[in-house]
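Read-outs: derived from the displayed coordinates by stated rules, not from any lab. In this text the structure is predicted, and so the values were computed from the model without any measurement. Because the Cβ atoms are built from the backbone with ideal geometry, glycine has one as well, and the counts that use them run over all protein chains shown.
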Amino acid sequence: MRTIIREMTDEDRGEVFEMMKVFYASPAVSTNGSAQVFQADIDHCVGDCPYLEGYIFQEGQEIQGYGMVAKSFSTEYGRCCIWIEDLYIREPFRGNGIGSRFLNFMAEKYPEAILKLEVEKENERAIKVYEKCGYETLPYFERKRQNR
């Protein structure tokens, strides 16, 4: 069998929630998240939110990981921007090309969009995957302000 990439469904909630807990507790993410945020993210992925899409990586009955992408517009590039927000592969399935397949899947799905992502400097394995898929380092720092 081969890994398929499919849209996240309501039936995936429990497994995605558990994977998010592992992902957000890892050094791959700079924030720890919370159960409330995880549930909201999943709600938006499986609901009718036009800004967030969720995907499952699966072979047979086994879920190998998940991805979430957010949609926006980049005035810097004058086109839609697809942010790869979450890309998590369960440990036993890492190194099998699932991450690369997902990045290429997104590039094919949104051929006119600019694709962006963030990665922790220490996540060297992920950086190699991103570079292999054509992602380059941007020369500026991102800033944020959180209201509430």
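Just to confirm a number: summing +1 for Lys and Arg and -1 for Asp and Glu over residues other than I84 whose beta-carbon lies under 9 angstrom from that of I84, what do you get?
Neighbour charge sum, excluding I84 itself: -2.
Given only helices, namely DSSP H runs of n ≥ 4 each adding -39500 (n - 2.57), what is the per-residue ellipticity at 222 nm of the chain, to the nearest 500 deg cm²/dmol?
Working: 4 runs with 46 residues, N = 148.
Taking each H run of at least 4 residues, the total per residue is -9500 deg cm²/dmol.
Distance between Cα centroids, region 1-38 to region 57-102: provide it in whole Å.
11
In the set (1) -1.10, -1.17, -1.27; (2) -1.08, -1.23, -1.55; (3) -1.02, -1.12, -1.31, which value of log10 I(q)/I(0) by the Debye sum over Cα atoms at q = 0.17, 0.18, 0.20 Å⁻¹ was calculated from the structure you see?
Computed from these coordinates, log10 I(q)/I(0) by the Debye sum over Cα atoms at q = 0.17, 0.18, 0.20 Å⁻¹ corresponds to label (2).
Can you tally the net charge around V69? Count Lys and Arg as +1, Asp and Glu as -1, for every other residue whose Cβ sits under 12 Å from the Cβ of V69.
Local charge sum for V69: -2.
Starting from the amide H of G65, placed 1.01 Å from N in the peptide plane, find each other amide H under 5 Å away whose residue is 5 or more places distant or on another chain.
F57, R90
Hey, in the GNM for the chain with a 10 angstrom Cα cutoff, which one of K128, K116, K71 fluctuates hardest?
Looking only at K128, K116, K71, the largest GNM fluctuation is found for K128.
Suppose every K and R has +1 on its Cβ and every D and E has -1 on its Cβ; what is the size of the dipole of the chain about the Cα centre, in Debye to the nearest 20?
Dipole magnitude for the chain comes out near 420 debye.
For region 6-15, in order, what is each residue's ³J(HN,Hα) by Karplus, 6.51 cos²θ - 1.76 cosθ + 1.60 with θ = phi - 60°, in whole Hz (x at glycine and Pro)?
Whole-Hz 3J(HN,Hα) from phi for region 6-15: 9, 5, 5, 10, 4, 5, 8, 3, x, 5.
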